[in-house]
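Trainee: Pasting in a structure now, in structure tokens, and then I'll have a few things to ask.
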Amino acid sequence: MKMRRQSLSRTLAALLALLLPTLPSAQPVTKPAVSAGKSQAKQGPKAKVRIVATGGTIAGAQGDSGSYGYKSGTFKVEDLIQGVPHLEKLATLSGEQVVNIGSQDMNDAVWLKLASRVNALLASPDVDGLVVTHGTDTLEETAYFLDLVVKSDKPVVLVGSMRPATAVSADGPANLYNGVAVAASPEARGRGVLVVINDEIHAARNVTKMNTTNVETFHSPNRGPAGLVNTGAITWMDPVDRKHTKATEFSVKGLESLPRVDILYAHANMSPDLIEAAVEHGAQGLVIAGVGDGNMTQESIDTLEKVQKEHGVAVVRSSRVPTGLVLRDNEINDDQKGFVASGEFNPPKARVLLQLALTKTCRPERIQRMFDEY
Ligand code: ASP
């Protein structure tokens, strides 16, 4: 009896030993379509990821009051890297500070400097991917500017946070971790500039900030995210089908400034006074955050037609409505008035594209072609 029990347990042990190595793959596999991050770090040599810091809440510290108020752009890039556990397992990291500002102060001069630096870094064999840390207020604008002027397939990922580094439940470290995982992923190549925040990956052209304070603020309202990323494990969705990075006609080489483009917000009883003031102050282009499908008062339409035809000011009709398209010649006769319809681009994105378009042409039909292609 004792003998039989011993041999039974020996047989069981042998069976288990045979089965155990196969158990993990016998479980249902909920593997993402493409995974990177942690798993990738175990295979092959680690990617070389450069972190380029520009400031923002991700580098911010709370004031003494504790509950509210903070100063963005307090911590330096080294602090950010050191603040994220296991970051170095994802990639070989290095960092540099380009500016340290709240992104509400982002401007053309910093964009030109940042874009030149990003292009120089990506041209080096010592960099496989880039993470740009940035405030969330204008993150979508910088991301789209880079998307149009970066001349490389290598991943460029913008990362921000809604809570300062010293806050309870700061979201910056997880966002930076995921951002580095995406920048280190070969699958991120050729997808244009990406934004990684709150476990989501967004294409620069599609993403916008939609909540003033919540960590779930970035969305791509018309198209949805470009992917998901959970503790470094990536699932990709369909790539953007519009021209970006290497495929655009834009370049920052030799550019010392950008044309002035203003955004004007339409509303009931909108007067044309601000249109005239903007042109008097040197605006070469105007984006209207129109009501509905890019509409505005008749007086404003007439004044825009006048500044277009008499002063060559480029006029783009966008919308203050967060979803949907502004189609050409729908309620307004764009052909006759010389206007451009923004399509999917919200006013801040339309402004970025119009600034770059004006470095090439001021002809409405050529600008419209760019809005249709990019
Ligand atoms: N004002 C901050 C900035 O854009 C807000 C943030 O980063 O969330 O720099």
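The values are calculated or read from the model by the stated rules, or taken from the named source; none is laboratory data. Note that the structure is a prediction, hence the values are computed from the model and not measured. Please note: Cβ atoms are built from the backbone with ideal geometry, for glycine as well, and neighbour counts cover all protein chains shown. Just so you know, the surface numbers come from the protein's heavy atoms only, side chains and all, with ligands and any DNA or RNA stripped out. Shrake-Rupley method; radii C 1.70, N 1.55, O 1.52, S 1.80 Å.
Trainee: Those residues that are within 16 Å of the ligand (Cβ to nearest atom) and touching a Lys or Arg at 6+ places or on another chain (Cβ under 8 Å), I need them from region 103-132; list them, please.
Mentor: Narrowing region 103-132 to residues within 16 Å of the ligand (Cβ to nearest atom): 103-107, 110-111, 114, 131-132.
Correct list: 131 only.
Trainee: Then there's this: Of all residues being open to solvent by 40 Å² or more (accessible area, probe 1.4 Å) and not in a loop (DSSP other than H, G, I, E, B) in region 306-326, which is farthest from residue 358 (Cα to Cα)? Just the residue, please.
Mentor: 306
Trainee: Next question, about the same structure. Tally time: how many residues in region 81-102 are away from the ligand (no atom under 13 Å from the Cβ) and outside any strand (DSSP E or B)?
Mentor: Just the residues of region 81-102 that are away from the ligand (no atom under 13 Å from the Cβ), to begin with: 81-98.
If we keep only those that are outside any strand (DSSP E or B) too, we end up with 81-90.
Number satisfying all stated conditions: 10.
Trainee: Can you confirm whether region 201-212 contains a residue that is free of Cβ contacts under 8 Å to residues at least 60 places away in the same chain, crowded, with 23+ Cβ neighbours inside 10 Å and under 26 Å from residue 82 (Cβ atoms)?
Mentor: Narrowing region 201-212 to residues free of Cβ contacts under 8 Å to residues at least 60 places away in the same chain: 201-203, 211-212.
When the remaining residues are screened for being crowded, with 23+ Cβ neighbours inside 10 Å, the result is 201-203.
Checking the rest, the ones that are also under 26 Å from residue 82 (Cβ atoms) come to 201.
Yes, that holds for at least one residue.
Trainee: If you go through region 158-185, how many residues are β-branched (Val, Ile, Thr), at pLDDT 95 or above and within 16 Å of the ligand (Cβ to nearest atom)? First the steps, then the outcome.
Mentor: In the first step, residues of region 158-185 are kept if they are β-branched (Val, Ile, Thr); the result is 159, 166, 168, 180, 182.
Okay, now just the ones that are also at pLDDT 95 or above, so 159, 180, 182.
Next, only the ones that are within 16 Å of the ligand (Cβ to nearest atom) stay: 159.
Going through region 158-185 one residue at a time, the tally reaches 1.
Trainee: crowded, with 24+ Cβ neighbours inside 10 Å and not small (Gly, Ala, Ser), is that true of residue 168? It would help to see each step written out before you state the result.
Mentor: On the way: crowded, with 24+ Cβ neighbours inside 10 Å: no; not small (Gly, Ala, Ser): yes.
It is false that residue 168 is crowded, with 24+ Cβ neighbours inside 10 Å and not small (Gly, Ala, Ser).
Trainee: Can you tell me how many residues in region 327-354 are closer than 21 Å to residue 209 by Cα and open to solvent by less than 10 Å² (accessible area, probe 1.4 Å)?
Mentor: Of region 327-354, the ones closer than 21 Å to residue 209 by Cα are 342-354.
Narrowing further to those that are open to solvent by less than 10 Å² (accessible area, probe 1.4 Å): 342, 345, 349-350, 352-354.
Residues in region 327-354 being closer than 21 Å to residue 209 by Cα and open to solvent by less than 10 Å² (accessible area, probe 1.4 Å): 7 in total.
Trainee: On to the next question. Can you list residue pairs whose Cβ atoms sit under 6 Å apart, with the first residue in region 117-140 being charged (D, E, K, R) and the second being assigned to a loop (DSSP other than H, G, I, E, B)? Count only pairs 6 or more apart in sequence or on different chains.
Mentor: Within 6 Å, the pairs are 140/207.
Trainee: Please work out which one of (1) in a loop (DSSP other than H, G, I, E, B); (2) touching a helix residue (DSSP H, G or I) at 6+ places or on another chain (Cβ under 7 Å); (3) farther than 18 Å from residue 75 by Cα is the condition residue 126 fails and give its number.
Mentor: (2)
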